[in-house]
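The values are calculated or read from the model by the stated rules, or taken from the named source; none is laboratory data. What you are looking at is a predicted structure, and each value in this text was computed from that prediction instead of being measured. No Cβ is skipped: glycine too gets one built from the backbone with ideal geometry, and neighbour counts run over all protein chains shown. Side chains are part of the model used for accessible areas, which takes the heavy atoms of the whole protein and leaves out ligands, DNA and RNA. Shrake-Rupley method; radii C 1.70, N 1.55, O 1.52, S 1.80 Å.
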Amino acid sequence: MIRLGRIAKGWRLYVLLLPALVYLILFQYVPMYGVLIAFKDFNAIDGILGSPWAGFIHFQEFFESYVFKSLLTNTLKLSVFSLLISFPIPILFALLLNQIRSRLTTRFVQTVTYAPYFISTVVLVSMLNVFLAPSSGIINNFITFFGGEAVNFMARAEWFRSVYITSGIWQTMGFSAIIYMAALSSVNPELHEVAIVDGASKLKRIRHIDIPSIMPTIVIMFILGIGSIMSVGWEKAFLMQQGMNLTASEIISTYVYKIGLLNAQYSMATAIGLFNSLINFTLLILSNSLSKRVMGSSLW
C-alpha cells in the first residue's frame, strides 16, 4: 500500500516514463522472440514456430566456414583499434576546451566540432570518395605536389582501417566530448583556486584535479565501449567496401546483412548475429566486474 501511495503521488513522472518504457518493450524485448530463428530451418510459409528445429547446426556451419576467421579478425581489429585510438581523443579535446576562458571562442570551436556528427553516413562516405580520389582528390593533389605518388586510399585494403577510424574521429570527436564537458562543469572551482595559490600549473591542475574528477565518467564510457566492441556500424563499412579492399572491410555485420537480406539465409544470419551479441554481452560483464574491482566504479 505504501508503494502504491508513492506511485500515486508521482504519477506524472511515470506518465513521462511510459513512452520510453513502451518503446523499450516493443523494439528491444519483443524482437527477442526472433532469436528462435537461429535454432530453426526458418521458412516464411511455416513461420517461426512452424519451421523445423535445426539445433546448433547454423552456428557449426559458421564456425567451420572459410570466412569465419577473417570475419572475426577484421571485426576485432577494426573495433579494438577504433576504441583504443578514438576513445581518448574526446577526453583530451574536452580537457583542452575546458581551459579556454573566452566564451565566444569556446562556442565557435564547439559548433565547428559538433557539426560533422550530424552528417549522414552516406554523405560522409561520398565526401571521403571525393577527398581521397586518386586523380582529383585534395589529399592526393597535396601528395603529388610534393613529389609523391597518388594513392587509391578507398580501394586499398591496407588503408581501409586508417580511413575508417580517422573519419570516425573527425565526425564524432566533438559530440562525444559533450559528456566529458558536462562532467568537467561539475568540478568544484575552489579546487583550482587552491591549486593556483599553491603554484600549480595548468597541466598539473588537469592531471590532479580534472582527470580524477571525471574518471568515473571515463570508466563508464569505456565499459560501454568494450560492451559494444563487436558492434561495428555496418553502414559505413558497407558503403566503403570495394572489391579490392574486401580482405579488410568484410566484417561480421556486413556479412550478416549480405547473407540475411540479400541471400535470404535468415537462420544463418540470426545465428551469426546472436553469436556477435553474446560476445558483446560477455565482454560487458567482464569489463564491468574488472572495473568494479580495480577502479571501484562500474555500471552496476
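Worth pointing out:
- Net length available on complete extension from Ile57 to Ala155 is 31.7 nm, with 0.36 nm assigned per residue and the Cα-Cα distance removed.
- Only helices reaching 20 angstrom along their own axis (Cα) with mean Kyte-Doolittle hydropathy no lower than -1.0 count here, and for the DSSP H runs of the chain these are 68-86, 157-185, 211-227, 266-294.
- log10 of Debye I(q)/I(0), alpha-carbon scatterers only, for the chain at 0.12, 0.13 Å⁻¹: -1.06, -1.17
- nm² value of the averaged projected area, convex hull over the Cα atoms of the stretch 171-300: 11.3
- Ranked packing of 30-40, 44-54, 260-270, most packed first, by mean Cβ within 10 Å: 260-270, 30-40, 44-54
- Mean Cβ neighbour count within 10 Å, used as a protection proxy, ranking 60-66, 274-280 highest first: 274-280, 60-66
- Equivalent ellipsoid of the stretch 84-150: semi-axes from √(5λ) of the C-alpha gyration tensor, largest first, are 31, 16, 13 Å.
- Inverse mean reciprocal Cα-Cα distance (Kirkwood Rh) of the stretch 37-129, Å: 18.5
- For the stretch 56-294, the dipole from Cβ point charges (+1 on Lys and Arg, -1 on Asp and Glu) about the Cα centre works out to 440 debye, to the nearest 20.
- What a 1.4 Å probe finds exposed on the chain is 69% carbon and sulfur by accessible area, rounded to a whole percent.
- Cβ-derived FRET efficiency at R0 41 Å, His208 paired with Ser289, nearest 0.05: 0.90
- Over the chain, accessible surface divided per residue gives 62 Å², non-protein components excluded, 1.4 Å probe.
- Anchor Lys258: lysines whose Cα lies under 17 Å away (excluding residues fewer than 8 positions away in-chain): Lys236
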